[in-house]
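Q: The structure that follows is given in the form of structure tokens.
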Amino acid sequence: MNLPHPDASLKTDAGLSPLLEVTCTPRTDSGLLAMGLLLTFKDWFKPAPPPSPILQGAMDRVCAVVEPTLNTLPYLGKKLGPVLEPTLKYCRHLVADLPGPFVVDRPAFSSSPLIHALFPSTDDIIVMLGKSQSVHEYLETPESKESETFYAMLAARPQRRRNLGMAYDGKVLQSDAIIEYLYFADHVLVELANSLEATQEKLRQRAFDSLLKTFRSGLKAKREERQRLQEARDQERDQINVMRSMGNAAKLEEHQQRLKEIETQLLQNIESLRPERIIDPLVEFLAAPENALHFEKMTLMLDRCGVITSNDKGVTPGGAEAIDFQQIIGRDRRRYVGLLVQIRRSDVLEAVAQMKGAQQRYLVI
């Protein structure tokens with residue numbers, strides 16, 4: 001008689017018992033789950049990839065300008081990295097919005113309404129080039145001898161002056177009319193280079209530095225406040241000693257309460273200047289760079305004498321033209337207009353020689 005195999009009840013058409021399938025499958029899924037968790041943990045603890053050289057340079061610049069102790073934060077790259085890239089992009093767009101480059105020389109003074117508006121005469125162009133400290137410093141570099149053309153940003157401060165004179169109101173000539181003139185002062189050349197691309201790169205770095213210095217000014221104000229609080233604390237301590245020696249309990253309690261308030265403010269101030277307390281406000285500041293540095297377009301109707309005739313665009317019968325200026329709104333409360341300019345090396349050398357000759361004649365006289 002053939003007896004059934006003891007394990008026959010475990011056999012199936014597939015060759016395995018459903019019980020074995022049920023018990024084996026969870027073991028396989030558990031292994032995959034454990035492996036997935038291990039891979040996840042590995043990704044968590046895997047060191048972040050190093051930032052690009054541009055971002056690393058920007059982070060180094062942040063630490064150098066704002067606060068050197070920021071470099072001690074282990075999460076500095078994770079905090080600053082996401083916000084620095086759009087900030088640098090903003091600086092690139094800002095420089096790209098500068099008008100120019102415009103040639104600055106004697107012929108341009110006659111042909112360009114913008115250059116004519118910026119300078120009262122061609123002699124003023126020579127004076128600006130000859131007296132510019134940045135021009136003198138640039139001429140000392142080997143780079144200045146590599147090209148016959150220089151590029152730079154020209155900045156000047158717009159001024160307005162009103163005088164009484166004669167002017168047309170439509171077709172009627174009026175006497176004692178108020179005439180408003182536009183002129184420019186404090187001309188300055190910055191970031192000279194022998195190529196437009198080099199000047200723009202320097203200006204991008206300058207714009208980024210301007211943002212950092214604006215934020216740093218807030219930290220400087222807090223440090224000055226800390227100094228003031230420390231002096232006030234020392235004064236209150238002296239007063240407490242005096243009141244205690246005099247036995248004036250009422251005044252003693254008053255000064256003790258004031259000392260407590262000052263020490264609380266001082267502790268809050270010191271805490272706010274710790275690097276881990278600086279990083280979040282810095283990230284928030286860099287996320288909105290346009291609040292600290294931007295351009296503001298100014299369009300004016302000017303004639304060849306610098307008279308502001310109208311704020312409407314177009315050309316008036318008096319010969320006025322609409323001229324666009326880009327005003328720089330930043331840390332400096334004084335309003336400057338900015339534009340890219342192109343200058344011949346020969347004109348620069350001639351201007352420097354003329355100014356040097358004028359100084360020597362002045363000394364002789």
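The values are calculated or read from the model by the stated rules, or taken from the named source; none is laboratory data. For clarity, every value in this text was computed on a predicted model and none was experimentally measured. In this analysis, Cβ positions are derived from the backbone assuming ideal geometry, glycine residues included, and neighbour counts consider all displayed protein chains.
Q: Restricting attention to segment 53-74, report how many residues are touching a residue at least 40 places away in the same chain (Cβ under 8 Å) and over 27 Å from TYR151 (Cβ atoms).
A: Residues flagged as touching a residue at least 40 places away in the same chain (Cβ under 8 Å) and over 27 Å from TYR151 (Cβ atoms) within segment 53-74 amount to 7.
Q: Considering only residues of segment 106-125 that are under 31 Å from the mean Cα position of the chain (by Cα) and hydrophobic (A, V, I, L, M, F, W, C), which is surrounded by the most Cβ atoms within 10 Å (Cβ to Cβ)?
A: Here the answer is LEU118.
Q: Next up: Which residue, of ALA198, ALA207, is of a type in the set (A, V, I, L, M, F, W, C), assigned to a helix (DSSP H, G or I) and over 16 Å from the mean Cα position of the chain (by Cα)? Before you say what the answer is, go through the steps one by one.
A: Values: ALA207 fails: over 16 Å from the mean Cα position of the chain (by Cα).
Only one candidate qualifies: ALA198.
Q: Looking only at strands (runs of 3 or more DSSP E) that lie completely in segment 247-336, which have at least 2 residues being of a type outside the set (Lys, Arg) and in contact with a His (Cβ under 9 Å, 6 or more places away or on another chain)?
A: 321-329
Q: Here is a list: ALA185, ALA167, ALA207, ALA177. Which entry is modelled with pLDDT of 95 or more, on the phi < 0 side of the Ramachandran plot and not polar (S, T, N, Q)?
A: Residue meeting the stated conditions: ALA207.
Q: Quick one: which residue in LYS89, LYS79 is crowded, with 16+ Cβ neighbours inside 10 Å, part of a helix (DSSP H, G or I) and of a type in the set (D, E, K, R)?
A: After applying the criteria, what remains is LYS79.
Q: Report yes if VAL83 is among the β-branched types (Val, Ile, Thr), closer than 13 Å to ALA207 by Cα and modelled with pLDDT of 95 or more, otherwise no. Step through it out loud before you land on a result.
A: On the way: among the β-branched types (Val, Ile, Thr): yes; closer than 13 Å to ALA207 by Cα: no; modelled with pLDDT of 95 or more: yes.
Against the criterion (among the β-branched types (Val, Ile, Thr), closer than 13 Å to ALA207 by Cα and modelled with pLDDT of 95 or more), VAL83 does not qualify.
Q: Inside segment 129-151, can you point out the residues that are out of contact with any helix residue (DSSP H, G or I) (no Cβ under 8 Å at 6 or more places or on another chain) and crowded, with 21+ Cβ neighbours inside 10 Å?
A: Once the filter is applied, which keeps residues that are out of contact with any helix residue (DSSP H, G or I) (no Cβ under 8 Å at 6 or more places or on another chain) and crowded, with 21+ Cβ neighbours inside 10 Å, segment 129-151 yields only SER132.
Q: Restricting the search to segment 189-245, which residues are touching a Phe, Trp or Tyr at 6+ places or on another chain (Cβ under 7 Å) and among the acidic types (Asp, Glu)?
A: None; the set is empty.
Q: May I ask you to list pairs of residues, at least six apart or on different chains, whose Cβ atoms are under 8 Å apart, with the first in segment 325-353 being under 29 Å from SER147 (Cβ atoms) and the second being β-branched (Val, Ile, Thr) and part of a loop (DSSP other than H, G, I, E, B)?
A: Listed by first residue and then by second, the contacts come to VAL341/VAL104; GLN342/VAL104; ILE343/VAL104.
Q: Looking at segment 239-256 only, could you name the residues that are exposed (fewer than 11 other Cβ atoms within 10 Å of the Cβ) and at negative phi?
A: Residues satisfying the conditions are SER245, MET246, ALA249, ALA250.
Q: Next question, about the same structure. Inside segment 57-72, can you point out the residues that are exposed (fewer than 15 other Cβ atoms within 10 Å of the Cβ) and among the aliphatic types (A, V, I, L, M)?
A: Within segment 57-72, ALA64 is the sole residue that qualifies.
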